[in-house]
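The next block holds one structure in the form of structure tokens; read it before the comments.
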Amino acid sequence: MSVLAGLQGSRSAPGAPPQDAPSAGRRWLPYLLLVPGLLWLAIFFLAPIVLLATTSLQTPVPDGGVGAYQPGFAVSNYTEAMADYWPWFARSLTYGLIATVLALLIGYPLAYVIAVRARAYPLLQQLLLVAVIAPFFVSFVLRTIAWRQVLADESIVVQSLKALSILPEGARLTATPLAVVAGLTYNFIPFMTLPIYASLERLDQRLVEAGGDLYASPATTFFHVTLPLSLPGVVAGTLLTFIPATGDYVNAAILGGPGSAMIGNVIESRFFRVVDYPTAAALSFMLMTGILVLVALYVRRAGTEELL
């Protein structure tokens, strides 16, 4: 009894801090753990965006020569850049949209086969996943150059298309919009397939079986159960494909020609060849802002705002 009384007395002693109260160091520990990440974002994300915005407003130095600019507030850089290069913006958005749709049409069935049909065969499922991921082990530029060889005039693909009268004699696939879109689609198919596979792989098969028990056809079950439940993966895949495809310039530079250049090629040229930093920065800022607006509208329309 004396021991219990002593414990109760010590527990109710005035001035004694609660035993479960966190110390001051523990309260600040979560915030301290955020400091490295916040510094990383500030240095490598926020600072470049601020630098890009200030560069886009610079004005030329009088009699300063090529590449000489001074701080200013030249909003006309944006209006002039849009007036001069809006066709390249439209072409980039068109190519990115077409490549995204094609990647979805190819990637969704592929992800469905890997996640659902090959689930009973683990070895086959792993081999198919490796086949999807394997291109990442090769340089992006090398993959694009290899695609150029596939579409070359003397390649077996072009020769076969001409032999089947699908491609007219004298026609070519390289240096065309078709080659650029094909390269974009090929290079970004893994970005579409993997998020959809992740959604389908987590799909509760009991829901699909319930659709069959309710006498729904396989097509009805797919469109009313499987597809809605995999929509987050579809949205993530389309974003991961559309955003880099729209701003890409490697495929257009290697596979395209003058008539199929994208806005990324214009930005690269203004930065490194013409040395027109304000225009290049304005184009970059407009491209980034336009994509963010389109992405926000798309995610809101798809009903998956939690992805933002």
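Determine whether ASP213 is among the charged types (D, E, K, R) and touching a residue at least 40 places away in the same chain (Cβ under 8 Å).
When the stated conditions are applied, ASP213 does not pass them.
One line per residue, one yes/no per condition, for (1) on the phi < 0 side of the Ramachandran plot; (2) of a type outside the set (A, V, I, L, M, F, W, C); (3) out of contact with any Phe, Trp or Tyr (no Cβ under 8 Å at 6 or more places or on another chain):
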site: LEU164; (1), (2), (3): yes, no, yes
site: GLY170; (1), (2), (3): no, yes, yes
site: VAL181; (1), (2), (3): yes, no, no
site: LEU184; (1), (2), (3): yes, no, no
site: ASN187; (1), (2), (3): yes, yes, no
site: PHE191; (1), (2), (3): yes, no, yes
site: TYR197; (1), (2), (3): yes, yes, yes
site: ARG202; (1), (2), (3): yes, yes, yes
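Looking at region 71-87 only, could you name the residues that are more than 17 Å from ILE263 (Cβ to Cβ) and either modelled with pLDDT of 90 or more or touching a strand residue (DSSP E or B) at 6+ places or on another chain (Cβ under 6 Å) (or both)?
Correct list: GLY72, ALA74, VAL75, SER76.
Residue-by-condition table, conditions (1) in a helix (DSSP H, G or I); (2) modelled with pLDDT of 90 or more:
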| residue | (1), (2) |
| --- | --- |
| PRO190 | yes, yes |
| ALA198 | yes, yes |
| LEU203 | no, no |
| GLY212 | yes, no |
| THR221 | yes, no |
| LEU283 | yes, yes |
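Testing GLN125 on (1) among the polar types (S, T, N, Q); (2) under 26 Å from SER92 (Cα atoms); (3) surrounded by 18 or more Cβ atoms within 10 Å (Cβ to Cβ), one condition comes back false. Which one is that?
Just one mismatch for GLN125, condition (2).
Only residues in region 141-153 that are of a type in the set (Gly, Ala, Ser) count as the first member; pair them with residues that are open to solvent by 50 Å² or more (accessible area, probe 1.4 Å), Cβ under 9 angstrom, at least 6 apart or cross-chain, and list the lot.
The qualifying pairs are ALA146/VAL138; ALA152/ARG172.
Under 6 Å by Cβ, and 6 or more places apart or on different chains, what pairs join a residue from region 77-88 that is farther than 10 Å from ALA282 by Cβ with one that is buried (at least 18 other Cβ atoms within 10 Å of the Cβ)?
Once the first residue is farther than 10 Å from ALA282 by Cβ and sits in region 77-88, its partners that are buried (at least 18 other Cβ atoms within 10 Å of the Cβ) give TRP88/ILE263; TRP88/VAL266.
Exactly one of (1) outside any helix (DSSP H, G or I); (2) open to solvent by less than 20 Å² (accessible area, probe 1.4 Å) is unmet by ASN251. Its number?
ASN251 satisfies all of (1) outside any helix (DSSP H, G or I); (2) open to solvent by less than 20 Å² (accessible area, probe 1.4 Å) except (1).
Of (1) within 13 Å of GLY237 (Cα to Cα); (2) free of Cβ contacts under 8 Å to residues at least 60 places away in the same chain; (3) of a type outside the set (Gly, Ala, Ser); (4) open to solvent by less than 60 Å² (accessible area, probe 1.4 Å), LEU104 satisfies all except one. Which?
Result: LEU104 passes all but (2).
The values are calculated or read from the model by the stated rules, or taken from the named source; none is laboratory data. All figures in this text were calculated on a predicted structure; none of them were measured in a lab. Because the Cβ atoms are built from the backbone with ideal geometry, glycine has one as well, and the counts that use them run over all protein chains shown. These accessible areas exclude ligands, DNA and RNA; they are computed on the full protein's heavy atoms, side chains included. Shrake-Rupley method; radii C 1.70, N 1.55, O 1.52, S 1.80 Å.
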